[in-house]
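The values are calculated or read from the model by the stated rules, or taken from the named source; none is laboratory data. What you see is a predicted model, and the numbers here were worked out from it, not measured in a lab. Neighbour counts run over all protein chains shown; Cβ positions are idealised from the backbone, glycine included. Each accessible area value is taken on the protein alone, full model and side chains, heavy atoms only, with ligands, DNA and RNA left out. Shrake-Rupley method; radii C 1.70, N 1.55, O 1.52, S 1.80 Å.
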Amino acid sequence: MNPPSPLQALIQQHIRDAGGWIGFDRFMSLALYAPGLGYYSNARQKFGLMPQSGSDFVTAPELSPLFGQALANQLAQALEVTGTRTIWEFGAGTGALAAQLLQSLGDKIERYCIVDLSASLAARQAERLQALGPLADKVEWVQALPPTFEGVVIGNEVLDAMPVQLLSFDGQRWMERGVSLAATPGADFIYADRPTTLRPSLLCDSDAAHFPPGTVTEIHAQAEAFVRTLAAQLKRGAIFLIDYGFPEGEYYHPQRSGGTLMCHHQHRSDPDPLVMVGEKDITAHVNFTGIALVAQDAGLSVLGYTSQGNFLINCGIVDLMATADLATRSMAHKLIAEHEMGELFKVIGLAVGPEFEALGFAHGDRSHTL
């Protein structure tokens with residue numbers, strides 16, 4: 001039997017220190033973000049078009065530069081309406097989106113602040129952005145938000161990587177699913193359920209009537225806390241969050257009784273986060289109803305909610321495709337096609353103060369489904 005990796009040993013110690021059990025959100029946090037060891041903190045390559053590069057998945061900015069160019073039209077409008085000149089990007093990945101936005105927005109912005117906890121990714125971003133010359137001088141890296149700030153916030157595939165709590169339902173009661181140490185040789189971690197007062201936020205007459213026995217699903221306390229933090233500290237500006245997810249009614253649909261937790265490794269997906277810990281991404285779809293309600297409760301206005309395809313079309317990506325070469329058009333089509341990223345990914349817009357008619361939600365707004 002192979003000895004545990006440093007990350008596995010760290011998580012094992014956390015479990016022992018906690019009396020033999022930790023919530024899945026704690027496990028996911030360590031697996032992804034333990035300093036120097038977690039998936040997003042280590043030097044392993046994450047982003048790329050093909051598994052041959054050693055990557056695990058591709059995001060929209062790496063797929064096509066037209067993603068950032070179209071998104072820039074929405075951000076330019078938001079900057080003008082809010083009277084701000086700073087972009088705040090969370091989880092900037094390879095820096096591809098930052099490069100696209102810096103080139104597209106130019107003099108419309110004075111600062112481009114990247115909030116990223118990964119030192120290895122920040123170094124990769126800096127290396128990529130150096131090629132932009134004077135535009136790169138606008139970029140700053142921070143590991144935490146200041147107590148108050150202004151500007152337009154963008155988060156592409158940020159919410160899905162925030163740790164979630166797992167709940168299981170046996171037909172009569174809810175349990176919180178956590179992680180314990182395996183007694184079986186060759187295994188490191190196992191799931192273990194404990195009684196809990198936590199519940200999915202879906203409002204229905206009866207859990208038993210809605211959730212079939214054996215249901216496992218997620219709740220998103222950290223993602224919702226992130227939105228509350230933005231609302232508390234953003235004094236003037238707007239927020240655009242892009243991710244895969246559903247409104248609450250779809251998220252907790254009885255046919256989705258296995259939940260949405262998924263791992264990504266070498267462009268393949270699997271549902272088991274307890275193996276190859278630190279070597280693969282762990283994600284969960286976003287409950288956009290929960291995000292919208294938390295935002296409203298915290299004083300933000302909901303500008304709109306729609307599919308990525310609708311959003312990018314509203315932002316002018318079709319015109320950009322018309323003047324692009326065939327290869328660029330082909331890759332950009334994946335961003336808006338319903339059977340690719342166009343329908344899977346959604347966009348929600350939020351603002352401090354009064355609502356405005358945000359460009360990206362001009363047609364096909366689905367806020368009524370939240």
- Task: Please list, ordered by first then second residue, the pairs with beta carbon atoms under 6 Å, 6 or more apart or interchain, first in the range 354-369 and of a type in the set (Phe, Trp, Tyr), second open to solvent by 40 Å² or more (accessible area, probe 1.4 Å) and at pLDDT 95 or above.
- Result: PHE356/VAL81
- Pull up the range 326-353, narrow it to residues that are assigned to a loop (DSSP other than H, G, I, E, B) and either free of Cβ contacts under 8 Å to residues at least 12 places away in the same chain or more than 26 Å from LEU300 (Cβ to Cβ) (or both), then point me to the one that is least open to solvent (accessible area, probe 1.4 Å). ALA337
- Message: Can you report the number of residues in the range 233-255 which are open to solvent by 50 Å² or more (accessible area, probe 1.4 Å) and under 20 Å from the mean Cα position of the chain (by Cα)?
- Response: 1
- Filtered residue count, the range 6-40, keeping only those that are outside any helix (DSSP H, G or I) and open to solvent by 40 Å² or more (accessible area, probe 1.4 Å): 5
- Message: Looking at the range 263-295 only, could you name the residues that are over 12 Å from ASP56 (Cβ atoms), open to solvent by 50 Å² or more (accessible area, probe 1.4 Å) and not charged (D, E, K, R)?
- Response: PRO271, VAL275, LEU293
- Tell me which of these TRP141 doesn't satisfy, since it passes every other one: (1) under 24 Å from GLY299 (Cα atoms); (2) of a type in the set (A, V, I, L, M, F, W, C); (3) modelled with pLDDT of 95 or more. (1)
- Query: Are there any pairs with C-beta distances below 8 angstrom linking a residue in the range 162-182 that is buried (at least 18 other Cβ atoms within 10 Å of the Cβ) and part of a loop (DSSP other than H, G, I, E, B) to a residue that is modelled with pLDDT of 95 or more and basic (Lys, Arg), with the two at least 6 apart or on different chains, and if so which?
  - Reply: PRO163/ARG26
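I'd like the full set of residues that are of a type in the set (Ser, Thr, Tyr), modelled with pLDDT of 95 or more and over 30 Å from THR86 (Cα atoms), limited to the range 198-243. First the steps, then the outcome.
Keep residues of the range 198-243 that are of a type in the set (Ser, Thr, Tyr), which gives 201, 206, 215, 217, 229.
Still in the running and modelled with pLDDT of 95 or more: 215, 217, 229.
Scanning the range 198-243 gives THR215, THR217.
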- Item | Failed condition for ILE154, given (1) modelled with pLDDT under 95; (2) under 19 Å from the mean Cα position of the chain (by Cα); (3) within 26 Å of PHE345 (Cβ to Cβ) | (1)
- Based on what the data block shows, is ALA43 more than 16 Å from ILE242 (Cβ to Cβ), at pLDDT below 95 and either crowded, with 22+ Cβ neighbours inside 10 Å or more than 18 Å from the chain's Cα centre (by Cα) (or both)? yes
